[in-house]
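> Sharing a structure here in structure tokens format.
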Amino acid sequence: MNRVNKLIYAILAILIIGSFIGVAVYEQMLKGQAPVAVIYKDKQIFQRVYLTKSINKQINVRDSDGHYNLVEIKDGQVRVKEADCPNKLCIKAGWLNKPGQMAVCIPNRVSVVIEGAAEEAQQPDAHSF
Amino acid sequence: MSNTKRLVIIALFIALATALNIVERFIPLPIAIPGVKLGLANTVTLLAILMLGWKDVFLIVTLRCLLAVLYGGNPVSFLFSITGGLFSALIMVLTWRYLGKHISIVTISLLGAVAHNIGQLFVAALIIQDFRIYVYLPVLLVSALITGYIVGVVATQTYKILLKIIETEG
């Protein structure tokens, strides 16, 4: 194998290791904060729910066209349980429980992100906007 | 290569890529990570780069993405496959053109696969206006290496056979 080939492999290796480190650092930054499941619809916050063990609920994110994503929150975890999008990638993302994790539904423009909240962690329930 | 022959090869490549696209949907993957795909149709893109000109490559990629919509795709999957496909084709065309003498077909395929995933994440990030979606980058890059390697090996072997056929047929 010649030099250029090796150089490209080295660049690819750096890119991959770098991306792992980047995500690890990002998750580390959010660590220790209270996990909040934030549901975005059309780029705007649809609902924020503090992920505590006691909260069990299902949130239906539905738009005027009738498209929907059913978000389930249970045992401090969140997932997209059902959706009418074609590829079901949001469902495939499975249960999320660590800050930084994300499930995205591009067709319906819905995303569920676990964010970290420094304050008001003891707040018992959701407040919606 | 005569014009007729070129035309036939382009048509065959588009048909082959479309067929691979459809077949791929029925192959279950061992991991359930959003966005991870085998990318078998990239074998065809790679072969087109080796055997035809860059214009033909972009034509083949564009037409195969359009055809995939007719065979059970949707507007969003089209947007992803066309941007990912064209960006990855661009990277592979450029590396083949300027570094082709120095690097292997497998390396070109790896670069194409990585470009494909980075491009798709970029489109996704633009649509939802949230670049945190790049948390998926590490897993997607690793899957790109695996699928890119397989595609590269398949393309290398197929290319050898195709070259023989073209030489003997004149």
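> When you look at A:Arg62, is it more than 9 Å from chain B (Cβ to nearest Cβ) and not acidic (Asp, Glu), yes or no? Walk me through it before giving the result.
Numbers: more than 9 Å from chain B (Cβ to nearest Cβ): yes; not acidic (Asp, Glu): yes.
Yes, satisfied.
> So B:Gly119 clears everything in (1) free of Cβ contacts under 8 Å to residues at least 60 places away in the same chain; (2) surrounded by fewer than 19 Cβ atoms within 10 Å (Cβ to Cβ) except one condition, right? Which one?
(2)
> Please find, among A:Leu7, A:Leu70, the residue that is open to solvent by 80 Å² or more (accessible area, probe 1.4 Å) and either within 14 Å of chain B (Cβ to nearest Cβ) or within 20 Å of the chain's Cα centre (by Cα) (or both).
Among A:Leu7, A:Leu70, only A:Leu7 is open to solvent by 80 Å² or more (accessible area, probe 1.4 Å) and either within 14 Å of chain B (Cβ to nearest Cβ) or within 20 Å of the chain's Cα centre (by Cα) (or both).
> Considering only the range B:22-39, how many residues are in contact (Cβ under 8 Å) with a residue 60 or more places away in the chain and either open to solvent by 70 Å² or more (accessible area, probe 1.4 Å) or part of a helix (DSSP H, G or I) (or both)?
Matching residues across the range B:22-39 total 2.
> Here are some conditions: (1) more than 19 Å from B:Trp96 (Cβ to Cβ); (2) open to solvent by less than 60 Å² (accessible area, probe 1.4 Å); (3) more than 9 Å from chain A (Cβ to nearest Cβ). B:Tyr159 meets all but one. Which one does it not meet?
(1)
> Which residue pairs have Cβ atoms closer than 8 Å, lie 6 or more positions apart in sequence or on different chains, and pair a first residue in the range A:13-29 that is farther than 13 Å from B:Arg132 by Cβ and hydrophobic (A, V, I, L, M, F, W, C) with a second residue that is modelled with pLDDT of 90 or more and surrounded by 11 or more Cβ atoms within 10 Å (Cβ to Cβ)?
A:Leu15/B:Val114; A:Leu15/B:Leu141; A:Ile16/B:Pro138; A:Ile16/B:Leu141; A:Ile16/B:Val142; A:Ile16/B:Leu145; A:Phe20/B:Pro138
> When you look at B:Ser81, is it within 12 Å of another protein chain (Cβ to nearest Cβ) and assigned to a helix (DSSP H, G or I), yes or no?
Yes: the conditions hold for B:Ser81.
The values are calculated or read from the model by the stated rules, or taken from the named source; none is laboratory data. Everything numeric here is computed off the predicted structure, so don't read it as measured data. Positions of Cβ are generated from backbone atoms using ideal geometry, with glycine treated the same way; all protein chains shown enter the neighbour counts. All accessible areas refer to the heavy atoms of the entire protein, side chains included, with ligands and DNA or RNA removed. Shrake-Rupley method; radii C 1.70, N 1.55, O 1.52, S 1.80 Å.
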